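Have a look at the structure below, then the notes.
Derivation of every value follows stated rules applied to the coordinates shown; laboratory data play no part. On a predicted model such as this, the values are computed, not experimentally measured, just so you know. Glycine gets a Cβ as well: all are built from the backbone with ideal geometry, and neighbour counts include every protein chain shown.
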Amino acid sequence: MFNKLRLLTPGPTPIPEDVRLALARDMIHHRKADFKRVMERIQPGLQHLFGTREQVLPLSCSGTGAMYAAVTNLFAPGEKVVVVEGGKFGERWREIAQAHGLRVVSLVQEPGEAVTAAAVGEALAMHADARAVLVQASETSMGVLHPVRELGALTNGSNTLLVVDGISAVGISPCPMDQWHIDCLLTGSQKGLMLPPGLALLSLSARAWDKVRDVKPANFYFNLLAERDKNLEHQTLFTSPVNLLQGLAAGLDLFRTQGLESVYRKQWALTKMTRAGVRSLGLDLLAKTHFTWGLTSIKLGPGIDGGAILKTAADSYGVVMAGGQGDLKKSVIRVGHMGHVDWSDVLAGLHALKMGLTQAGGYSAARSYLEDALRAYEEALEGGYPGVEA
Ligand SMILES: *Cc1c(COP(=O)(O)O)cnc(C)c1O
């Protein structure tokens, strides 16, 4: 069957035509005026997207590279940090921190649960020497949204930095860096930014830069102070990912024409739509209250093989979705609806899910799931999006 391919995964995500065309442009040289103009053009767009007046630095790496750059620049081995471990990506913060010789206080969450500001507050009270809280804005492995705004209220004015992996939040749900007192915000290109993988973006607050100057990191690559100086000359330290940055410029133009507000509104509506459709199919949602926008995680009943559902959805309907991560590989399905995804993609996703489910022996009598989903979408579009910890 010739199906239209629909990528409903939590990264990589579909790429809009304007961005694809920009990616296909002729190569330009990364030390010449043409390229510097691209760098100059993207900076205000990135600052708007991050909600910051600080510089936003492009790094040539996947999102994890920016996490690594943050840890190795901000902390000296032996320092203590609190890590929120809400799933695989929280676990990654801990692993990077431990690899760098940090002492880690880990706050492990139940699957599908967000951390509470109270729990982080207690940990900080017990560990007054903790230099930072490391957290995901959105824990993509579970589809959980952590209360970053509340954490910022806790760490602001203390000597604890708030370091936020915003890889599945930036450009998807509000995460304004300056307003929420985030000291380090980072993201990757292949999720909300609608670009191919391979580019990361990172920004630090003034006090985070002070901390980097204290630490004097020995990094040759990922030397953020040197990267920052080069960024002021509209360049990167080493050869720039030229095409990705040209694509980013086109993507930022799309954000600007649509307006961030309407992007968040759409993301919220697609999230409500997917959740309504999934519920109407008689399936359970993994994240009950603090759920990510741009990704819906479904908990399957016992005896139902998520792998088989995903295979049917992809092979027969052209819809590519993701399984769970780690222990949840077969018992969880994650439907991505971030970036360049619209209501019709979600309808296709829900239908493919239903057909896959039926084939996998989890027959659902649901009839009105598409109507229910569309109704939820219309209602959410009209109602607008909530303050962020929904
Ligand atoms: C995707 C993702 C990552 C990993 O990014 P890579 O680009 O694969 O290195 C890290 N954190 C979160 C929250 C993510 O969603």
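Who wins for biggest fluctuation among Gly143, Gly65, Gly166 in a Gaussian network model of the chain, springs between alpha carbons below 10 Å? Greatest mean-square fluctuation among the candidates belongs to Gly65. Each residue of the stretch 21-38 was assigned a 3J(HN,Hα) from its phi angle through the Karplus curve 6.51 cos²θ - 1.76 cosθ + 1.60 (θ = phi - 60°); the sequence is 5, 5, 5, 8, 5, 4, 5, 10, 8, 6, 10, 10, 4, 4, 6, 4, 5, 5 Hz, with glycine and proline shown as x. Amide H to amide H, with H built 1.01 Å from N, Glu85 comes under 5 Å of Leu107, Val108, Gln109, counting only residues 5 or more places away or on other chains. Dividing the mean sequence gap of close Cα pairs (under 8 Å, 6+ apart) by how many residues the stretch 153-270 holds gives a relative contact order of 23 percent. Using just its DSSP H runs of length 4 or more, each adding -39500 (n - 2.57), the chain gives a mean residue ellipticity at 222 nm of -13500 deg cm²/dmol after division by all residues. Taking only the Cα atoms of the stretch 94-166, the ratio Rg/Rh comes out at 0.93, with Rh defined as the Kirkwood radius. Beyond a 27 Å Cα-Cα separation, which of these cross-linked pairs lie in this structure: Lys32/Lys266; Lys80/Lys329; Lys88/Lys230; Lys288/Lys329; Lys80/Lys288? Beyond 27 Å: Lys32/Lys266; Lys80/Lys329; Lys88/Lys230; Lys80/Lys288. A Gaussian network model of the chain, with springs between Cα atoms under 10 Å, assigns the largest mean-square fluctuation among Val104, Val341, Val215 to Val215.
Stretching the chain fully between Arg41 and Leu225 yields a gain of 64.1 nm (0.36 nm per residue, less the alpha carbon separation).
The string of couplings for the stretch 211-221 from the Karplus curve (6.51, -1.76, 1.60, θ = phi - 60°) is 5, 4, 5, 5, 5, 6, x, 8, 3, 8, 7 Hz, one whole number per residue in order, with x for Gly and Pro. Under the convention that each Lys and Arg Cβ holds +1 and each Asp and Glu Cβ holds -1, the size of the dipole of the stretch 17-257 around its Cα centre is about 640 debye. Close amide-amide hydrogen proximity is noted between Leu57 and Leu202, Ser203, each under 5 Å apart and 5 or more residues distant or on a separate chain (H modeled in the peptide plane; Pro and chain starts excluded).
Ranking Val83, Ala373, Leu350 by Cα position along the charge dipole of the chain, where only Lys, Arg, Asp and Glu carry charges on their C-beta atoms, puts Leu350 farthest toward the positive end. The length gained by stretching the chain between Lys329 and Asp178 to full extension, at 0.36 nm per residue less their Cα-Cα distance, is 50.7 nm.
Per the Debye formula on identical point scatterers at the alpha carbon atoms of the stretch 221-376, with no solvent, log10 I(q)/I(0) at q = 0.15, 0.16 Å⁻¹ is -0.82, -0.88. Judged by the ratio a/c of the largest to the smallest principal axis of the C-alpha gyration tensor, the stretch 17-257 counts as prolate, that ratio being 1.5 or greater while a/b is larger than b/c. Summarising the amide proton neighbourhood of Leu285: residues at separation of 5 or more, or on other chains, whose placed amide H is nearer than 5 Å comprise Lys299.
Axis angle, to the nearest 10 degrees, between helix 260-280 and the longest C-alpha principal axis of the chain: 40 degrees.
When the stretch 188-322 is described by a simple charge dipole with +1 on each Lys and Arg Cβ and -1 on each Asp and Glu Cβ, the residue from Ala218, Leu270, Thr289 located farthest towards its positive end is Thr289. For the stretch 226-293 and the stretch 155-187, write down the distance between their C-alpha centroids in whole Å. Centre-to-centre (Cα) distance: 15 Å. Consider all pairwise Cα distances in the stretch 318-390 and report the whole-number % of them above 20 Å. Of the Cα pairs, 43 percent sit more than 20 Å apart.
The phi-based Karplus calculation (6.51 cos²θ - 1.76 cosθ + 1.60; θ = phi - 60°) puts the 3J(HN,Hα) values of the stretch 95-103 at 5, 5, 4, 5, 4, 8, x, 7, 8 Hz, whole numbers, x for Gly and Pro.
Of the Cα atoms belonging to the stretch 5-105, the radius of gyration and Dmax stand at 17.9, 48 Å. Among Glu122, Glu261, Glu95, the largest mean-square fluctuation in a Gaussian network model of the chain, built with springs joining Cα atoms closer than 10 Å, belongs to Glu122. Taking the stretch 85-113 and a reference point 7 angstrom along Cα→Cβ of Asn159, the backbone N atoms nearer than 18 Å belong to 103.
For Glu378 and Asp305, a Förster radius of 35 Å and the Cβ-Cβ distance give a FRET efficiency of 0.55, rounded to the nearest 0.05. Of interest is the spacing of the C-alpha centroids, which for the stretch 64-103 and the stretch 332-357 amounts to 33 Å. The length gained on full extension between Lys4 and Glu371, counted as 0.36 nm times the residue separation minus their Cα-Cα distance, comes to 129.9 nm.
Using a cutoff of 8 angstrom between alpha carbon atoms and counting only pairs six or more residues apart, the relative contact order for the chain works out to 23 percent.
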